[in-house]
Amino acid sequence: MLVFPDQDITDEQQLAFTRQFGELENYRTGGHIRRRADSRLAPGIADFSNLDKDGGIISAEDRVWFFKLGDRLWHSDSSFRPVPARYSLLSGRVLPSWGANTEFADMRAAYDALDARTKAEVEDIVCLHSLIYSRQAIGFTDLSEDELASFAPVRQRLVRTHPVTGRKSLFLSSHAGAIEGWTVPEARMFLRDLTEHATQREFVYSHQWRPFDLVMWDNRTTMHRARRFDRNEVRDVRRTTLAGDVITIEQDAAAE
Ligand SMILES: [Fe+2]
């Protein structure tokens, strides 16, 4: 992950900078939470603030807020989409006076630190990822039929190989809620164990935001999570996201 301090940029500048690295992620494919008409920001900019479209703080009882709370679990952006995101760029415009750090875990270091037996065990595992699982984890299960259909689980390999460096990493995320061929309890326990391993302090950097930091990360090799803040204070952070180009379960075929 990279931090570019003092970037007092507009949404247009953020979009233009992001496009230097490739195609923006297309949000039309699954994972809809807020209707476009309810959005405060222009297409292409994802609103990770605690504000509604009129600029007021979202109510604690609003289900949009429940979805946002789930971002405080360790995850990789869009791992619930068939082609998960490559880079995310988060611009801090207004930050609360306390808390709200973003933490990053290095999933290459986490993979390297596994013992040989576990490395062999995870090598060919395919996980199922969905927003349903990550929201279930915080007790938010009040999803409509449309949402359940739009959040249908997708298959992702647990071990990813970076296409440029060839380095392996664990592709974990709180969106992962099942392993193909495993019972759910066994899968959940294993994923929880791996997540605990991968998020030990030695693998984690905690970013304390300053206004106008632009933070950029590679979702293929990191997990991240948001940290608590006073919900009565404004946190206005805006994300642009670069589309991935690999279906993870096909990565080996693509690499050869
Ligand atoms: Fe995220």
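The values are calculated or read from the model by the stated rules, or taken from the named source; none is laboratory data. Only a predicted model underlies this, so the values are computations on that prediction, with no experimental measurement involved. Methodologically, a virtual Cβ is constructed for each residue, glycine included, from the backbone with ideal geometry; neighbour enumeration extends over all protein chains shown.
Kindly evaluate Gly99 against the criterion of being modelled with pLDDT of 95 or more and at positive phi.
yes
So which residues in region 210-253 are closer than 22 Å to His162 by Cα and hydrophobic (A, V, I, L, M, F, W, C), if there are any at all?
Val215, Met216, Trp217, Met223, Leu242, Ala243, Val246, Ile247, Ile249, Ala253
Has region 217-227 got any residue that is more than 16 Å from the chain's Cα centre (by Cα), surrounded by 21 or more Cβ atoms within 10 Å (Cβ to Cβ) and closer than 26 Å to Gln13 by Cα? Break it down stepwise before answering.
Narrowing region 217-227 to residues more than 16 Å from the chain's Cα centre (by Cα): none.
No, that holds for no residue.
Quick one: what pairs do we get from region 51-73, first residue farther than 14 Å from Arg231 by Cβ, second in a helix (DSSP H, G or I), C-beta under 6 Å, 6+ apart or different chains?
Pairs found: Lys53/Asp38; Gly70/Ser134; Gly70/Arg135; Leu73/Ser134.
Confirm whether Gly55 is outside any helix (DSSP H, G or I) and either at pLDDT 95 or above or within 16 Å of the ligand (Cβ to nearest atom) (or both).
Spelling it out, it is not the case that Gly55 is outside any helix (DSSP H, G or I) and either at pLDDT 95 or above or within 16 Å of the ligand (Cβ to nearest atom) (or both).
Only one residue in Ser173, Ser78, Ser169 is touching a residue at least 40 places away in the same chain (Cβ under 8 Å), hydroxyl-bearing (Ser, Thr, Tyr), buried (at least 18 other Cβ atoms within 10 Å of the Cβ) and more than 14 Å from the ligand (Cβ to nearest atom), so which one is that?
Going through Ser173, Ser78, Ser169 in turn, just one is touching a residue at least 40 places away in the same chain (Cβ under 8 Å), hydroxyl-bearing (Ser, Thr, Tyr), buried (at least 18 other Cβ atoms within 10 Å of the Cβ) and more than 14 Å from the ligand (Cβ to nearest atom): Ser169.
Take region 17-33 and flag every residue that is at pLDDT 95 or above and either outside any loop (DSSP other than H, G, I, E, B) or under 18 Å from Ile132 (Cα atoms) (or both).
Phe17, Thr18, Arg19, Leu24
Aliphatic (A, V, I, L, M), within 13 Å of the ligand (Cβ to nearest atom) and closer than 21 Å to Leu143 by Cβ: which single residue out of Leu90, Leu73 fits that description? Steps first, answer last, please.
Working: Leu90 fails: closer than 21 Å to Leu143 by Cβ.
Among Leu90, Leu73, only Leu73 is aliphatic (A, V, I, L, M), within 13 Å of the ligand (Cβ to nearest atom) and closer than 21 Å to Leu143 by Cβ.
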